[in-house]
């Protein structure tokens with residue numbers, strides 16, 4: 001196979017391992033297409049959600065701190081979860097500090 005006079009195609013000069021890389025890339029792109037069109041694990045319907053018109057702190061206190069953090073009753077669920085994480089991390093640090101002082 002000749003592209004230019006006296007020169008062979010660069011594909012014929014490539015090592016055999018390059019063909020396997022090309023095949024893997026083609027298979028990967030085909031798998032990506034399949035995974036976008038058909039999901040293996042179907043999504044569950046979203047939970048009940050009440051949008052709050054208040055600011056973050058008022059919205060969290062309106063829905064109840066633990067209810068918002070654990071059940072995502074309004075849009076401030078992730079914020080409340082981070083606050084809950086900070087509370088538990090602080091309590092854990094305090095307990096460890098007290099245990100080290102014994």
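Per-residue Cβ neighbour counts within 10 Å put 41, 60 in the sequence 41, 60, beginning with the fewest.
Neighbour counting of Cβ atoms within 10 Å sorts the residues 68, 82, fewest neighbours leading, into 82, 68. Spin-label pair residue 25-residue 82: with each label point 7 Å from Cα along the Cα-Cβ axis, the two points sit 3.9 nm from one another. Per the Kirkwood formula applied to alpha carbons, segment 56-101 shows a radius of gyration over Rh ratio, Rg over Rh, of 1.18.
Taken together, the values in this text are just the output of simple stated rules run on the coordinates, not laboratory data. What you are looking at is a predicted structure, and each value in this text was computed from that prediction instead of being measured. Cβ coordinates were reconstructed from backbone atoms using ideal geometry, including for glycine residues, and neighbour counts include every protein chain displayed.
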